[in-house]
1. Being modelled with pLDDT under 90 and not in a loop (DSSP other than H, G, I, E, B) is true for just one of 95, 151, 117. Which residue is that?
2. Scanning for something open to solvent by 10 Å² or more (accessible area, probe 1.4 Å), touching a Pro at 6+ places or on another chain (Cβ under 8 Å), part of a helix (DSSP H, G or I) and in contact (Cβ under 8 Å) with a residue 12 or more places away in the chain, does region 452-463 turn up at least one residue?
3. In region 418-442, how many are modelled with pLDDT of 90 or more, open to solvent by less than 60 Å² (accessible area, probe 1.4 Å) and not in a loop (DSSP other than H, G, I, E, B)?
4. Residues of region 324-348 being modelled with pLDDT of 80 or more and open to solvent by 20 Å² or more (accessible area, probe 1.4 Å), which ones?
5. Quick one: which strands (runs of 3 or more DSSP E) lie wholly within region 485-567 and hold at least 3 residues that are open to solvent by less than 30 Å² (accessible area, probe 1.4 Å) and aliphatic (A, V, I, L, M)?
6. Within region 464-478, how many residues turn out to be crowded, with 18+ Cβ neighbours inside 10 Å and charged (D, E, K, R)?
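The values are calculated or read from the model by the stated rules, or taken from the named source; none is laboratory data. None of the values given here were measured: they were computed from a predicted structure. FYI the Cβ positions are ideal-geometry reconstructions off the backbone, even for glycines, and counts take in every protein chain you see. These accessible areas exclude ligands, DNA and RNA; they are computed on the full protein's heavy atoms, side chains included. Shrake-Rupley method; radii C 1.70, N 1.55, O 1.52, S 1.80 Å.
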Amino acid sequence: MVQFRGQTQLAVLVAWLLAVPAGFVWLWRTRVPLDSGNIPVLVAAALLAMAAVYFPVLRKGTRLTLVGWLTLPAFFLGGIFVEAVMMQVALLAAVPGNRKSPDPLQRFFLHSLMYFVLSVVSGAAFYASGGSIRETGFSDFVLPAAVYLAVHTAGKIGFLHLYRKLIGNPHRFPLRRIRQDLVAALVILPYALSGYYLYLAIGPAGLPIMAVPFFSVIFLVRRYDTTERINDMLAKAAELGRGMSGKLTQPEVLDLFVRSMPNLLPVDLLYVYDIRNGRVEPLKIMGNGEIASAGWLHMDADTGIGSMVYHSSKGRLFGCRNEWEAYLNGSHQPEAESLIGVHIVRNQMIEGVIAVMCKRQYAYEEYHLRVLELLGSYLAVALEKSRHVLRTVQESERCALTGLYNYRYMENAVHRLMEQVNSGGLDVLSCVMLDIDHFKNINDIHGHHGGNRVLVEFARLLQERSDASWTASRYGGEEFILLMPGVAKDESVAFAEAFRAEVENHAFTVEPGGETGPAMIPVTVSIGVATAPADGESGMELIRNADRALYTGAKQVGWNKVAAYTG
């Protein structure tokens, strides 16, 4: 399809080279002589036609050019040649606006060829229906003028529809666009006739009389459309803000944010950066609608697009790659052209950066930047809420002293894991109960502060040696429980023995009160192991059996031992 599209575009260029230059030569030789008094007003009309093309009516993303109210009177005065020249001159004003299209040069040649053909065909239809230029009557002039405009409108719709078919566009030609072109024709016809007869009546003064209300209405419609689009975007932004505020975790907030952005802005690439200790680190990346891993090398705060936006005093907006490529400083960046970047601010501190890119040039306007700044504020609030929720959950699930899970969390976890064991979703579940030996003596000799130091250090060792899938918790006092899903009894006993030996050889440091300095004391641990389903059918039964193994198999036969439940 890409090759076929390229062939069609080449055919358009060849057709333009064959038809337009030679056609103008033919029109020049067959032109109707032009009254020299009409030349200045036609030049002024051509400039206004360029303004009409440069400032089209914008309605819900559709550009509607009402230039016919100027080119049609030009045809009535000078024939096909004058109208064709004015139309081609007016199209030059579309070149700056076409920079947002994927191929602006191709777009110009397509429209130039189309409007030249339409000028000739519509003019021929006008003459064929009995019309003649410079007519001063009205009744005999209206029907040919209407035929001219009908042929012009139908030809334009048919030309664009055919071109879409030839380049393999799978979407149907939008009916809304057809309706808008028909409405535009109904507006242009009376306005063009009024302008023509006003010129015949009062001369060049009729041009500004017609131009002022026309461009005033165009300006108002454009402002209304822009306001409507901004309001729609703000409504979507507010909805996204409410959606993000309902998420409880940072990943959920970021996923919703990046997935929703293409519904608000033209987005091909999106990056959310975090600022940590003067470093710009990517949190979330989305390219072409797919969320990617943020596993980039961390960039120093003086390099990259994120850093450029971070060090800027305000948001940045760029229309093409040449304007921002120098800020890459050698870092990799996918193909992109337009770029906007804003700060994520909380409590007047920059905590992150959002960078949004589009592969089209000049895809963004100033209001896009403002909306993105608003979204950055929503994101900052949602992320702060998720952090607060995380802290609250951790405080409710964790032991404040050791940082391990507390009894309530462990109880829920063991019930959940036992349900998996009983349903066949999990083969085995080992429960390891650990009890620090002679802990009361540690408190008596070194005080509760010294005992707490031992508990914290013991918990740290247990957490470091535990797998990420295990659940390490403080059961109460100096007792700890380790839930090991998928670990058989012999493996859990081997782990327990290795950990017991590590604790025995570890130097625990306490700082008793008084003038004495830090002291290193020996600490040992007794451990009991039970494994479901053999050693229990419920979570509490599994814990009781691990506790029995601890006291009957370890503490009663001597401290500093590991014992497995034997039934």
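1. 95
2. The answer is no; no qualifying residue exists.
3. 11
4. Passing the criteria: 337, 343, 345.
5. 525-532
6. Step one: of region 464-478, the residues crowded, with 18+ Cβ neighbours inside 10 Å are 466, 470-475, 478.
From the residues that got through so far, the ones that are charged (D, E, K, R) too are 474, 478.
So the count comes out to 2.
Yes or no, residue by residue, for (1) among the acidic types (Asp, Glu); (2) modelled with pLDDT under 80; (3) open to solvent by 40 Å² or more (accessible area, probe 1.4 Å); (4) under 16 Å from residue 74 (Cα atoms):
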position	(1), (2), (3), (4)
11	no, no, yes, no
17	no, no, yes, no
28	no, no, yes, yes
31	no, no, yes, yes
41	no, no, no, yes
